[in-house]
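Asker: Before I ask anything, let me first share the structure, which is written out below as structure tokens.
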Amino acid sequence: RNWNGDGILARIETREMLELIRSLDVPVVNLRAVSIKADFPQVLNDNQKIAELAAQHLLERGLHHFGFVGRPRGVNPALDQRGDEFFRIVTRKGKSCDCFNCQKSGVQSWEEEQDRLARWLASLPKPVGVMAANDERGLQVLDACRRAGLAVPDTVAVIGCDNDEPLCELSIPPMTSVDVNAEGIGYEAAALLDRLMSGQTVTEKTIRVAPRGVVTRRSTDVLACEDDEVRRAVAFIRENACRGLQVGDVLMHMGMSRASLQQRMKQFIGRTIHQEIQRVRLAMVKQRLISSTDTIKQIARESGFASVQYMTRVFRAMTGETPARFRSRRAK
């Protein structure tokens with residue numbers, strides 16, 4: 001009753017909260033995508049791009065079967081959207097995708113839900129890649145895998161969302177997650193609220209902030225491939241790509257001709273030897289651009305590129321932007 005503020009950043013989740021905030025008659029920026037019509041400017045995750053990153057990451061592992069674990073439908077529309085987009089992307093690729101049928105809170109205990117989740121995971125075709133709607137849900141998936149005796153990542157590869165580092169690093173095994181750029185959302189929301197409090201008119205009612213990328217950890221460190229030689233080659237590339245690895249080094253390690261290994265890699269993972277080396281290097285570049293303050297020259301050297309110029313050329317061809325632009329857009 002005695003609050004005398006000038007603006008509010010809010011996660012509006014209930015009708016009561018909405019009416020209270022409206023009654024205060026101050027500028028408001030909403031940070032929660034729910035079914036309630038809030039009519040305030042809002043800054044939100046780009047859930048379509050989050051799902052795209054998760055799907056692409058798992059598809060690159062050579063998987064053909066997928067699953068999604070979210071929350072009971074309607075509780076959080078943003079998480080529903082992540083699941084819908086993930087399902088759409090992988091099924092358009094001709095892959096199978098099952099979604100865990102979540103029940104409303106209070107219907108069952110934690111143990112009952114975990115047992116049901118474990119049974120669902122056990123019923124899926126293997127190997128399978130599972131996207132969890134957020135990191136908390138991802139921890140539940142990892143727990144359910146242990147209950148069902150399913151090896152992670154060899155049998156079930158798990159990717160979460162939000163990149164909550166303590167959760168992801170301390171999970172067993174450490175969990176891959178999509179970095180949704182929470183800092184960027186906070187920055188954009190604060191900047192928008194500042195404009196509103198200054199009396200500026202805002203025409204764009206919804207701002208969606210793109211995720212930073214995928215932070216890869218052990219829970220998806222797998223390649224689902226029927227060809228043992230391709231698996232060995234890809235494992236060697238992933239281990240050494242950022243150490244100046246060349247195609248000839250891979251051929252020497254494998255004891256195979258270029259024509260033979262090239263054909264098998266294109267058949268089973270859809271990439272040549274050189275393309276796989278570049279893919280691993282670029283993944284390292286993206287992660288370092290996001291998570292470190294190292295110079296672009298340092299990152300080029302650490303990622304195995306011969307020069308900054310060459311790295312920039314490859315990076316731009318693959319992403320459509322320079323490394324500096326990629327970093328600046330995700331640094332807020």
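Asker: What are the residues in segment 206-223 that are of a type in the set (A, V, I, L, M), in contact with a Pro (Cβ under 8 Å, 6 or more places away or on another chain) and more than 15 Å from E276 (Cα to Cα), if any?
Answerer: I207
Asker: Here is a further query. What pairs come up if the first residue lies in segment 40-51 and is within 10 Å of R208 (Cα to Cα), the second is open to solvent by 40 Å² or more (accessible area, probe 1.4 Å) and part of a helix (DSSP H, G or I), and their beta carbons are under 7 Å apart, counting only those six or more places apart or on different chains?
Answerer: V43/E188; N47/Q81
Asker: Looking at A151, A133, A182 in this structure, which one is of a type in the set (A, V, I, L, M, F, W, C) and at pLDDT 95 or above?
Answerer: A133
Asker: Let me ask something else about it. Any idea which of (1) open to solvent by 60 Å² or more (accessible area, probe 1.4 Å); (2) assigned to a loop (DSSP other than H, G, I, E, B); (3) modelled with pLDDT of 90 or more is the one D194 doesn't satisfy?
Answerer: Condition not satisfied by D194: (2).
Asker: Looking at A33, A78, which one is out of contact with any Phe, Trp or Tyr (no Cβ under 8 Å at 6 or more places or on another chain), in contact (Cβ under 8 Å) with a residue 24 or more places away in the chain, part of a loop (DSSP other than H, G, I, E, B) and not basic (K, R)?
Answerer: Only one candidate passes the filter, namely A33.
Asker: In segment 24-35, what count of residues is obtained for those that are surrounded by 14 or more Cβ atoms within 10 Å (Cβ to Cβ) and farther than 23 Å from G199 by Cβ?
Answerer: 3
Asker: Shifting gears a bit: Given the criterion within 32 Å of the chain's Cα centre (by Cα), buried (at least 16 other Cβ atoms within 10 Å of the Cβ) and in contact (Cβ under 8 Å) with a residue 12 or more places away in the chain, identify the matching residue among I21, I8.
Answerer: On inspection, the qualifying residue turns out to be I8.
Asker: Still on this structure, I have one more. Applying the selection to segment 1-54, what residues are in contact with a Leu (Cβ under 9 Å, 6 or more places away or on another chain), farther than 30 Å from F66 by Cα and basic (K, R)?
Answerer: Selection gives R11, K37.
Asker: So A55 passes all but one of these: (1) open to solvent by 20 Å² or more (accessible area, probe 1.4 Å); (2) part of a helix (DSSP H, G or I). Which condition number does it fail?
Answerer: Result: A55 passes all but (1).
Asker: Name the helices (runs of 4 or more DSSP H) wholly inside segment 225-332 in which the number of residues that are open to solvent by less than 80 Å² (accessible area, probe 1.4 Å), more than 28 Å from P153 (Cβ to Cβ) and touching a residue at least 40 places away in the same chain (Cβ under 8 Å) is 2 or more.
Answerer: Passing ranges: none, list empty.
Conditions (1) small (G, A, S); (2) modelled with pLDDT of 90 or more; (3) touching a strand residue (DSSP E or B) at 6+ places or on another chain (Cβ under 8 Å); (4) closer than 21 Å to Q56 by Cβ, marked per residue:
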site	(1), (2), (3), (4)
E165	no, yes, no, no
V209	no, yes, yes, yes
R212	no, no, yes, yes
V222	no, no, yes, yes
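Asker: Among (1) within 22 Å of F305 (Cβ to Cβ); (2) modelled with pLDDT of 90 or more; (3) among the acidic types (D, E), which single condition is E239 missing?
Answerer: Of (1) within 22 Å of F305 (Cβ to Cβ); (2) modelled with pLDDT of 90 or more; (3) among the acidic types (D, E), only one is false for E239: (2).
Asker: Next question. For V202, work out the one condition from (1) more than 28 Å from E302 (Cα to Cα); (2) touching a helix residue (DSSP H, G or I) at 6+ places or on another chain (Cβ under 7 Å); (3) free of Cβ contacts under 8 Å to residues at least 40 places away in the same chain; (4) not hydroxyl-bearing (S, T, Y) it doesn't fulfil.
Answerer: (3)
The values are calculated or read from the model by the stated rules, or taken from the named source; none is laboratory data. Please read these numbers as outputs of a predicted model, since none were measured by experiment. Note that we place each Cβ from the backbone using ideal geometry, even for glycine, and neighbour counts take in every protein chain shown. Side chains are part of the model used for accessible areas, which takes the heavy atoms of the whole protein and leaves out ligands, DNA and RNA. Shrake-Rupley method; radii C 1.70, N 1.55, O 1.52, S 1.80 Å.
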